[in-house]
Amino acid sequence: IKHTLFLVSGVSSFIIFYMGLVNFLTSVEQSTGMILLFFSVFVAAGTLLGTVYISKSITKPIEKLAERMTDFSKTNKNVK
């Protein structure tokens, strides 16, 4: 799950940044292009940071549960 979220957010962030860069390079007014470039960098960085936070909050409880189940199965292996 974690790797899929990072892949999707990485691609999304790259697309957002690329769109801002293209707008910057093709903009008639330099100030408008600069604003769009800064905005796209800000949104792309926010997307990446948000994905890191969300992926940790989703996968951490699942990892804890898997660890507890493994510990439980080790301690109760010989009990019938």
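The values are calculated or read from the model by the stated rules, or taken from the named source; none is laboratory data. Since this is a predicted model, take the numbers as computed values, not measurements. Cβ placement follows ideal geometry from the backbone for every residue including glycine, while neighbour counts extend to all protein chains displayed. Note: areas computed on protein heavy atoms with side chains; ligands, DNA, RNA excluded. Shrake-Rupley method; radii C 1.70, N 1.55, O 1.52, S 1.80 Å.
Before moving on, here are some points about what is shown:
- Loop GluC sites (Glu not before Pro), the range 1-72, which have at most 11 other Cβ atoms in a 10 Å radius of their Cβ (DSSP): 29
- Protection proxy ranking of 16-27, 51-62 - average other beta-carbon atoms within 10 Å, highest first: 16-27, 51-62
- Taking the C-alpha atoms only, the angle from helix 2-26 to the longest principal axis of the chain is near 0 degrees.
- Angle between the chain longest axis and helix 30-75 axis [Cα atoms, degrees, rounded to 10]: 0 degrees
- The chain, accessible area per residue, ligands and nucleic acids excluded (1.4 Å, Å²): 83 Å²
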